[in-house]
Amino acid sequence: MLTSLSLTNFKAWKSIGKMRLAPITALFGTNSSGKSSILQFLLMLKQTADSADRGVVLHLGDDKSPVNLGTISDVSHAHVERPELSIGVEWTLPKALEIKDPETQKKTLFKSDRMKFTAVLAANGGGKLSAKRMTYSLGDVDFTLVKKMRRRATRSRLRRQSFGSIGLTAGSGRSPAPSSSMASQTRCGRITRMRAFSRNSSLS
């Protein structure tokens, strides 16, 4: 069940830090205050997830989809030509998701019934969106994918592993407090090492 959402630069909303959702959620407000934008956002996420085109970052819609929101400029706050949008949803699972060590399949690395997805999206000159950063969270553990930069910062505090055109990143702040870690061969492209840190471990 969805438990919260967050938004920046989407239609009527400059920013929604965190909107709590419940089994029954009512939206109240004056005309053109952004109530419909919330419903359109949720429908847009659904049709994106259902889209057969895995290259589409956000499926804004067509004549066959639940909503057709037009172009990137149409959905951006104040109709900015090349906006940067951020989206986030949190939800609970019917039962806890358990991630086991891929080498032994015995040790439980992570387990929780709480999940979260956040993303920062940017539009290019061609009116298409690309993902700059995506984070999947299971309980208090975050797994972040960041777009690979052309030149690697010399004083970066991020450890990057190759993942096609993006990089898998784990935080390594000044005082890291790893809740758990793993280093193993995986079957996901060229990723060979991955570490997960608790949320209180800073990214800089």
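Each of Gln105 and Val56 was given a label point 7 Å from its Cα along the Cα-to-Cβ line. The distance between the two points is 3.6 nm. For Lys14 and Arg82, what does the FRET efficiency come to when R0 = 25 Å and r is the distance between their Cβ atoms, rounded to the nearest 0.05? Approximately 0.90, to the nearest 0.05.
Please list 93-100, 71-78, 126-133 highest first by mean number of surrounding beta-carbon atoms within 10 Å per residue. The partial results should precede the final answer.
Values: 93-100: 11.5, 71-78: 16.2, 126-133: 13.6.
So the order, starting with the most tightly packed, is 71-78, 126-133, 93-100.
Thr8 contributes an accessible area of around 40 Å² to the protein surface, as traced by a 1.4 Å probe with all chains present. Shown here for segment 1-110: chymotrypsin sites (Phe, Trp or Tyr not before Pro) in loop regions (DSSP other than H, G, I, E, B) with at most 15 other Cβ atoms within 10 Å, namely Phe28.
Taking all protein chains together and a 1.4 Å probe, the residues Asp62, Asp50 rank Asp50, Asp62 from largest to smallest accessible area.
Which shape class applies to segment 34-146: rounded if a/c is under 1.5, otherwise prolate when a/b exceeds b/c and oblate if not, where a ≥ b ≥ c are the square roots of the Cα gyration tensor eigenvalues?
Values: a/c = 2.35, a/b = 1.98, b/c = 1.19.
Taking the square roots of the gyration eigenvalues as a ≥ b ≥ c, segment 34-146 is prolate.
When the dipole is taken about the Cα centre of segment 28-150, and only Lys, Arg (+1) and Asp, Glu (-1) are charged at their Cβ, what size is it in debye, to the nearest 20? Could the numbers behind the result be given before it?
Details: 18 positive and 14 negative charges, 78 e Å.
I would put it at about 380 debye.
For segment 3-86, applying the loop criterion from DSSP together with a ceiling of 11 other beta carbons within 10 Å to the trypsin sites (Lys or Arg not before Pro) yields Arg54, Lys64. Distance between the 7 Å Cα→Cβ label points at Thr25 and Thr48: 1.5 nm.
Of Lys18/Lys148; Lys64/Lys116; Lys46/Lys128; Lys11/Lys132; Lys14/Lys35; Lys18/Lys46, which ones are farther than 22 Å apart at the Cα?
Details: Lys18/Lys148 28 Å; Lys64/Lys116 29 Å; Lys46/Lys128 19 Å; Lys11/Lys132 20 Å; Lys14/Lys35 13 Å; Lys18/Lys46 19 Å.
Those over the limit are Lys18/Lys148; Lys64/Lys116.
The solvent-accessible area of Glu103, taken with every protein chain present and a 1.4 Å probe, is close to 130 Å².
The values are calculated or read from the model by the stated rules, or taken from the named source; none is laboratory data. Computed from a predicted model, the values in this text were never measured in an experiment. Here the Cβ is made from the backbone with ideal geometry for all residues, glycine too, and neighbour counts use every protein chain on show. With ligands, DNA and RNA removed, areas are computed over all heavy atoms of the protein, side chains included. Shrake-Rupley method; radii C 1.70, N 1.55, O 1.52, S 1.80 Å.
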